[in-house]
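Please read the structure below before turning to the comments.
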Amino acid sequence: MRDVDSLQMYLEEVRFFDLFSYTEEEGGWLCFMCSNPEKATVVNQDGQPLIEGKLKEKQVRWKFIKRWKTRYFTLAGNQLLFRRGKSKDELDNSTIELSKVQSVKVVAKKRRDRGLPRAFEIFTDSKTYVLKAQDEKHAEEWLQCINVAVAQAKERENREATTYL
């Protein structure tokens, strides 16, 4: 029993419960901020990047030609912004509106085994983006941040929709 108590103290010390919460109805641990986006407003304030850096974007031409292009991504506010060039100083921007994101997933296991251990997909109503981080740790950080930001964007959109009713 002492081991359980010391583990609980350690998890509180490293602020594990700020990010994850256990729910009886789900029967497991969930991302606290994803489930409660209204409580995470200080995490993703408009204009302040939540995370930024280089990711590789999969480019598919025709059916068989696939290549990876390095892009500079910035996750801030309700948008995932990316520049066509490799640096954050490039001017040619493209945007993914987070409220339009349907889901964010790690690339399926059988595809990961073929050299995509750090890749993830962002699905919108009009396009699927396949992105790859420099390693699995960075991929996990991007996934967590994007999921929290998407949940917040949808929460914000719902709040604004009910305000006008």
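The values are calculated or read from the model by the stated rules, or taken from the named source; none is laboratory data. All of these numbers come straight from a predicted model, not from anything done at the bench. Virtual Cβ from ideal backbone geometry, glycine too; neighbours counted across all protein chains shown. Side chains included, ligands, DNA and RNA excluded: accessible areas come from the protein's heavy atoms. Shrake-Rupley method; radii C 1.70, N 1.55, O 1.52, S 1.80 Å.
Here are the numbers:
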item: Segment 116-136 - residue that is touching a helix residue (DSSP H, G or I) at 6+ places or on another chain (Cβ under 6 Å) and assigned to a strand (DSSP E or B) and, of those, surrounded by the most Cβ atoms within 10 Å (Cβ to Cβ); result: Phe120
item: Candidate set: segment 40-60, residues that are of a type in the set (D, E, K, R) and either surrounded by 11 or more Cβ atoms within 10 Å (Cβ to Cβ) or modelled with pLDDT of 70 or more (or both); chosen: the one farthest from Leu80 (Cα to Cα); result: Lys58
item: Failed item in (1) modelled with pLDDT under 65; (2) open to solvent by less than 100 Å² (accessible area, probe 1.4 Å); (3) not aromatic (Phe, Trp, Tyr), with Leu91 passing the rest; result: (2)
item: Test result for Leu80, modelled with pLDDT under 65, among the aliphatic types (A, V, I, L, M) and touching a Phe, Trp or Tyr at 6+ places or on another chain (Cβ under 8 Å); result: no
